[in-house]
Amino acid sequence: MEGSDEIKSFFWIGTFMMMFLAFILLFMVSFYQRHFAKMKQKETELLLKTALESEKQERQRIAKDLHDSVQSDLSAIRNYFLLLSRKIRDSQNQILLEEMKIALEQTIENTRLISYKLMPPLLENGGFVMAVQDYFETLSKSSDKNFALKEYLEDFVVSTAIAYELFRIVQEFTSNMLKHGTISECNLFIYETIEGISLELVDDGVSFDFKSSYAQSKGSGLQNIQSRLSSIGAKLVQREVTSGNHFVIYLPKEI
């Protein structure tokens, strides 16, 4: 009986040890999987921030080149046209020069708008609110739609990096509205909550579901919005409305 009891004891002790070792092994595998997932997430976030920063610097460079070089050259050519038009008296050539002048003026204006869209000068000097107000005024004039900013804060101050990403998010949304939404009005509301700052973007255009559109999207617009939201730790929520679209961007206080 004693030999039998010893065998049973060894059996249960061995079983317990095997189960304990299996549990330790499973715990280690689970721990390293979570650690690996966190490392991959940090690596992805770092790559995303690096890519967005590189894009920002490239936009700044191109905008500066357009403003300082291309626009200056075009303005110089315009001055030559003015001098030339004073010397030519022939009516037919005068008409041709006038048409060329109009085309040149349009090219100068288009170059200015491209430079502005790449890097709004007010963004760094005046901040997010001033840059968006100026951007909305430009959009309203060029598109014949009503874009308005309604701020319910005494002072909305964020870092230049955050302001840049928020501006690009608003820009992507408004570009999408004008391209696909057939809107007539868009309002951006900024106000403070207990958790942080909320930015509500409301339009009366064609309704769409952001999540499903993002999942099916082959373009870069919606993907850019999601990437920029992730880079600044912001959250996007789409509210249900009977018509149009209503998006809320939640910006935590700590950023």
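Every read-out reported here was derived from the displayed coordinates using simple, explicitly stated rules and does not represent laboratory data. Keep in mind the model is a prediction, meaning the values are calculated, not measured. Backbone-built Cβ (ideal geometry, glycine too); neighbour counts: all protein chains shown.
General observations
- A simple spin-label model places the labels of Glu98 and Ala22 9.3 nm from each other, with each point 7 Å out along Cα-to-Cβ.
- Tensor-based shape of segment 198-239 (alpha-carbon gyration tensor, a/c under 1.5 rounded, otherwise prolate or oblate): oblate
- Segment 120-252 shape via C-alpha gyration tensor axes, a/c threshold 1.5: rounded
- Listed values for segment 193-202 are Karplus-derived 3J(HN,Hα) couplings in whole Hz (6.51 cos²θ - 1.76 cosθ + 1.60, θ = phi - 60°), namely 10, 5, 6, x, 10, 10, 10, 9, 10, 10, and x replaces Gly and Pro.
- In plain terms, the chain from Ile13 to Ile77 could stretch by 13.7 nm, reckoned as 0.36 nm per residue minus the Cα-Cα distance.
- Farthest toward the positive end of the dipole of segment 71-177, out of Leu153, Thr107, Tyr135, is the Cα of Thr107, where the dipole comes from beta carbon charges about the Cα centre.
- The modelled label-to-label distance for the pair Asp155/Ala215, using points 7 Å beyond Cα in the direction of Cβ, is 4.4 nm.
- Point-charge dipole on Cβ atoms (K/R +1, D/E -1) for segment 120-252, about Cα centre, debye to 20: 560 debye
- Cleavage-rule hits (GluC sites (Glu not before Pro)) in segment 180-228: DSSP loop, at most 16 neighbouring Cβ within 10 angstrom: Glu195
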